[in-house]
Each structure stands twice: as C-alpha cells, then as structure tokens.
Amino acid sequence: MKSLRGIMLAVAAFQAFSTLIGFVTLLLRPALYKPTLDGTAFAGQYVLAAFLLGVVVGGFQWGAAVVHLRKSGWWVLGHLIAGVVMVVWIAGECL
C-alpha cells in the first residue's frame, strides 16, 4: 500500500506541474496550441483553455497532492476526483 501511495503522489505531482506548464505556455505562446485546439470547443479561446487547464484541472491535481501529503483518509477520493477531472479535460480536448 505504501508503494501505491507513492505512485499516486508522483502522478498527482506530475499532472500538477504539467498543467501549470500548459497554463503558462497557453497564455504566453498560444500559437503553439493552435493546431491542437483548432476544431475543438477551445478553438481561438486560449485564455479560457488556459484558465480551465491551469486553475480547474491543475487545482484538482494540487488538491489531491495536498490531501495526500496531509495523510488524510480522503486521499483516495482526492486522487479519484482529480483523475476524473483530468479525463473530462482530455475528452473535452478531443471533442
């Protein structure tokens, strides 16, 4: 169980940092994401996409990591919710 906790924390930290990097680059260099976001609900709406990625999706990842580090009994639920939010974000990118 201890190794699972470590893996879950590593995944949450990786996702949190990757959403932060995506947030910053979406705001500073939106042209990098134009080919990816064209044809999706986020086409031309880079600030909205950055906000949703960095604040909403990233916020849930950071939240899962914080709950995990506090050794709360809710850590599994925190990671579950963060994972669902990430999957919804990815599905939204693909639609």
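Descriptive notes on the structure:
- Any hit, the range 18-41, residues being closer than 28 Å to SER3 by Cα, touching a residue at least 24 places away in the same chain (Cβ under 8 Å) and under 11 Å from the mean Cα position of the chain (by Cα): yes
- With respect to (1) touching a Phe, Trp or Tyr at 6+ places or on another chain (Cβ under 9 Å); (2) surrounded by fewer than 13 Cβ atoms within 10 Å (Cβ to Cβ); (3) among the polar types (S, T, N, Q), the lone exception for SER72 is condition (1).
- Positions within the range 34-55 being modelled with pLDDT under 90 and either among the aliphatic types (A, V, I, L, M) or buried (at least 18 other Cβ atoms within 10 Å of the Cβ) (or both), in sequence order: LEU37, ALA41, PHE42, ALA43
- Verdict on ALA13 being modelled with pLDDT of 90 or more, surrounded by fewer than 11 Cβ atoms within 10 Å (Cβ to Cβ) and assigned to a helix (DSSP H, G or I): no
- Residues (closer than 13 Å to GLU93 by Cα and touching a Lys or Arg at 6+ places or on another chain (Cβ under 9 Å)) located in the range 45-73: TYR46
- Pairs where the first residue, in the range 61-83, is modelled with pLDDT of 95 or more and the second is assigned to a helix (DSSP H, G or I) and of a type in the set (S, T, N, Q), C-beta under 7 Å, 6+ apart: GLN61/GLN15; GLN61/THR19; ALA82/GLN61
The values are calculated or read from the model by the stated rules, or taken from the named source; none is laboratory data. Predicted, not measured: the structure shown is a model, and the values here were computed from it. All Cβ positions, glycine included, derive from the backbone under ideal geometry; neighbour counts span all protein chains shown.
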